[in-house]
Amino acid sequence: MIVAESESILDEPVSILKGIGKDTQDELNNMDIYTVEDLINYYPFRYEDCRVKEIVSANHDERVTITGIVQTMPVVSYYGRKKSRLAFKMLTGQHLVSVHLFNQHYLKSKIELNQDLTVTGKWDKNRLSITASSLKLNATSNEKQFEPVYHVKGDISVKNLRRWIQLALEAAKDSINETMPESLLKKYRLADRKTALQQLHFPLSEEDVKQARRRFVYEEFLLFQLKMQALRKTIRENSGGIQQKYDEEILKKFVDGLPFKLTNAQRNVLKDILIDLKSPNRMNRLLQGDVGSGKTVVAAISILASISAGYQTALMAPTEILAEQHVQSLLQFFGEMDIKLELLTSSVKTKARRDILERLASGEIDLIIGTHALIQNDVVFRNLGLVITDEQHRFGVEQRKTLREKGENPDVLFMTATPIPRTLAITAFGEMDVSVMNEMPAGRKEIITKWVKQDQLDEVLKFTQKQIESGRQAYVICPLIEESEKMDYQNAVDVHAQLVHFFQSKIRVGLMHGRLSANEKDEIMRDFAANKIQILVSTTVVEVGVNVPNATCMLVYDAERFGLSQLHQLRGRVGRGEHQSYCILIADPKNEIGVERLTIMTETNDGFVLSERDLQLRGPGDFFGKKQSGIPEFKLGDMVHDFTILEVARQDAAELVNSSEFWSASEYQALRNLLTRSGILEGDKLD
């Protein structure tokens, strides 16, 4: 964005530029280009390297530009309707190269013997041929070395878009104002905005592209982090939070009575949470804990602290299974303590629901655990003090906000068992305080992970049978419920039938998937937990919220179909008891990424290491399995590859937002204007 006066040419519609009529304007509008400023800020996604290359150093299938002398007359072959191929040979260095141009028969009359040519196209090293995309006759040495390539739609061509951007830059050269403070430009030796725009769109060298991109990536990250830090400051200082005076003796007695010792990581996280509860500012904390790191006991102590301070608490989970799991776990932790706990899900019938809502509104219920049912309009609390959201990335921003608004600025703790890479944590959740638990409780055995091919399935099933004969149980995970014509991945229904046939009546095999009703899922899980079912064939509905300590085998069919983080979550369903557990990945990956993913899984049980690798392999947009509203999409910045710049921008943003100069000095007026436009600020003050 550019800070400009309303009468600036930057605010004018693109139709003021030569060559842009009504139809073209409509096409550009479809690309979200409405004004001259939009056009200038429409960045290339790559560059064509037009530097002439020696053919001997070119790689197969590489896009290259070569020069040479025409050796044979061009010949045109016609095939199909309106399709043609023009072919001739040219000498480049000591190599005779075949040149092919498709559907450009009109060039035949312009190509002559012994003529100098510059050809750009895809190089076939095996056949010594180039499929040309462009051809220049008698090209001179002052040709552009890099040409920008843009995403286009409809009838808009890259060539025309380049021309219009050039016109826009020329027309607006006196209206492009700097957004970055001079101090930061000097500190990092960044190009000014006008120069960087010229370098980005029309670079004269590779260094031009590098420097322009460096400037705009930093600017993008800085602006985003300023928004996050300003929002964080708003939440901390202006939310009018609750100062919870909890009973320290009750907490100490509870911790001392636990059948295990808290890990150092658990103690550190609890220290952060308890400080937040005592603070007059509202807690807004994200708790990341790897599978099995003991988040539930941390949640229990936090809940107990808030209840002892006289407040109600709420815990929201994404599924009924997970909500019920929390009820069981917390009932065990609280034992004989006088804590009134209730479960509220869509399955709770009308009469029981009405009773729960009345008791909740009167303050009789200390802790309510539930699903989305907690955010219905008729759910009213008497004095809500603490909100805990489990697997928080599975809820939308508005859903989390609705639960938070059920009380008078209650403290909020977000929990996730999905280890989130630091890269994503400081972008998607940058307005939160983040606590990490990456330490496993003492005595927990590491899960042995093996990758096997499909043709080894019989051996895997025999191994599983031995585990079951020794009293253990197994999960079998499939990516689909029923057979799909588009994908030949194993499906739960077929696998269930195959296993029933394989084990005959010796072993009971159950089937669970997302299309079953909540009651059906509950019944199956209860039977599995009671060892009435020895093998549970399921889709990924067991990914979270299932705790069966007797299950020691996790078999994942077509494991290449899953991301690393999801495989790690599935693996975490076993290894919850005293017995050695195993995760067996059955897969025949068809590409290098699939091979790498499975290899990584066998090398580490550290969820945070896996999450970083998963982010590198899949990218931020797919990390959670679907686009999340909290994850920004940057024009140029890449959160993985530009992580160093992201970290620097975050540190700079934090320093700026917490300094008095940022809110008063004229040097930062442009940045403050941008924050005002984003809705974070009102004038020069925090909301």
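Read-outs: derived from the displayed coordinates by stated rules, not from any lab. Note that the structure is a prediction, hence the values are computed from the model and not measured. Backbone-built Cβ (ideal geometry, glycine too); neighbour counts: all protein chains shown.
Antiparallel beta bridges, as assigned by DSSP with both residues in the chain, represent about 40 percent of the total such bridges. Structure note, pairs 83/153; 295/532; 453/521: Cα-Cα distances above 25 angstrom occur for 295/532; 453/521. Once the Cα atoms are used to define both axes, helix 206-238 deviates from the longest principal axis of the chain by about 30 degrees.
Shown is the FRET efficiency for residue 504 and residue 237, computed with R0 = 51 Å from the Cβ-Cβ distance and rounded to the nearest 0.05: 0.15. Simple point charges give the picture: +1 on the Cβ of Lys and Arg, -1 on the Cβ of Asp and Glu, and for segment 248-437 a dipole about the Cα centre of about 160 debye. Using 0.36 nm per residue and subtracting the Cα-Cα separation, the extra length available between residue 127 and residue 195 on full extension is 20.1 nm.
Residues 159, 227, ranked from the fewest to the most other C-beta atoms within 10 Å, line up as 159, 227. Once the C-beta distance of residue 76 and residue 455 is scaled by a Förster radius of 45 Å, the resulting FRET efficiency is 0.30 to the nearest 0.05.
Computed from the C-beta positions of residue 47 and residue 354 and an R0 of 60 Å, the FRET efficiency is 0.40 to the nearest 0.05. Each residue in 571, 85 was given a count of other beta-carbon atoms within 10 angstrom of its own, and listing them fewest first yields 85, 571. Each of residue 11 and residue 61 was given a label point 7 Å from its Cα along the Cα-to-Cβ line. The distance between the two points is 5.0 nm. Per-peptide packing, taken as the mean over residues of other Cβ atoms within 10 Å, places 572-585, 274-287, 498-511 in the sequence 572-585, 274-287, 498-511 from highest down.
In this label model, residue 110 and residue 166 are separated by 1.6 nm, measuring between points 7 Å along each Cα→Cβ vector. Compared with the dominant principal axis of the Cα atoms in the chain, helix 457-469 is inclined by about 20°. A full extension of the chain between residue 606 and residue 207 corresponds to an added length of 139.7 nm, given 0.36 nm per residue minus the alpha carbon distance.
Beyond 28 Å in Cα-Cα separation lie the following of the pairs 22/136; 108/210; 252/340: 22/136; 108/210. By how many degrees, between 0 and 90 and to the nearest 10, does the Cα long axis of helix 592-603 differ from the longest principal axis of the chain? Tilt relative to the chain: about 30 degrees.
How large is the Kirkwood hydrodynamic radius of the chain, counting all unique pairs of alpha carbons, in Å?
29.8
For segment 173-227, the percent of C-alpha pairs falling in each 5 Å distance bin, counted from 0 to the bin holding the largest distance, reads 4, 20, 29, 25, 16, 5, 1. Ranking of 615, 413 by neighbouring Cβ atoms within 10 Å, starting from the fewest: 615, 413. Remark on segment 248-437: Rg and Dmax equal 15.6, 47 Å (Cα only). One decimal place: the segment residue 493-residue 633 gains 46.6 nm when fully extended, by the rule 0.36 nm per residue minus the C-alpha distance. Each label was represented as a point 7 Å from its Cα along the Cα-to-Cβ direction; for residue 137 and residue 660 these points are 7.2 nm apart. Considering helices alone, the calculated mean residue ellipticity of the chain at 222 nm is -11500 deg cm²/dmol, with DSSP H runs of length four and up weighted by -39500 (n - 2.57) and normalised per residue.
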